[in-house]
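Peer 1: Got a structure here, written out as structure tokens. Questions coming.
The values are calculated or read from the model by the stated rules, or taken from the named source; none is laboratory data. In this text, all values refer to a predicted model and were calculated from it rather than measured experimentally. Counting neighbours? That spans all protein chains shown, and the Cβs are built from the backbone with ideal geometry, glycine included. Ligands, DNA and RNA are stripped out before the accessible areas are found, and what is left, the full protein with its side chains, is counted by its heavy atoms. Shrake-Rupley method; radii C 1.70, N 1.55, O 1.52, S 1.80 Å.
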Amino acid sequence: MYAIIDCDNCFVSCERVFRPDLEGKPVVVLSNNDGCVVARSNEAKKLGIKEGTPYFKLADEFPGVKIEALSTRLSVVLLSWLLWLSFSCSMIPMAV
């Protein structure tokens, strides 16, 4: 069995589960070694931040804008998915 999950702003959404202070702010999640943007919040998309933008260019391209840049933390993503799965499965009626 295979499952494919496609979430909008997945890494950002997972970070916001554990960091509600990020809600409403432009947030980007960076690739391994913090090289480039791999996920963007809707607020970051509205600013015009493109996926793949190198991290070092953000300050020059968006002067005076406070952008929350986070490192990729797969443990947060996996924990968020596990919480979602456990909640979702508890909502499914079970046949006895």
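Peer 1: Would you tally the residues in the stretch 1-48 being in a helix (DSSP H, G or I), at pLDDT below 85 and either open to solvent by less than 30 Å² (accessible area, probe 1.4 Å) or of a type in the set (Phe, Trp, Tyr) (or both)?
Peer 2: Of the residues in that region, 5 qualify.
Peer 1: When you go through Gly64, Gly52 one by one, which is the residue that is modelled with pLDDT of 90 or more and in contact with a Cys (Cβ under 6 Å, 6 or more places away or on another chain)?
Peer 2: Just one listed residue meets the conditions, Gly52.
Peer 1: Would you pick out the residues in the stretch 49-71 that are open to solvent by 60 Å² or more (accessible area, probe 1.4 Å) and in a helix (DSSP H, G or I)?
Peer 2: Result: Tyr55, Phe56, Lys57, Ala59, Asp60, Glu61.
Peer 1: Still on this model: Restricting to the stretch 38-53, name every residue that is among the small types (Gly, Ala, Ser) and more than 12 Å from the chain's Cα centre (by Cα).
Peer 2: Once the filter is applied, which keeps residues that are among the small types (Gly, Ala, Ser) and more than 12 Å from the chain's Cα centre (by Cα), the stretch 38-53 yields Gly48, Gly52.
Peer 1: So, in the stretch 11-22, exactly how many residues are farther than 14 Å from Ile67 by Cβ and in contact with a Ser or Thr (Cβ under 9 Å, 6 or more places away or on another chain)?
Peer 2: Summing the residues that are farther than 14 Å from Ile67 by Cβ and in contact with a Ser or Thr (Cβ under 9 Å, 6 or more places away or on another chain) in the stretch 11-22 gives 6.
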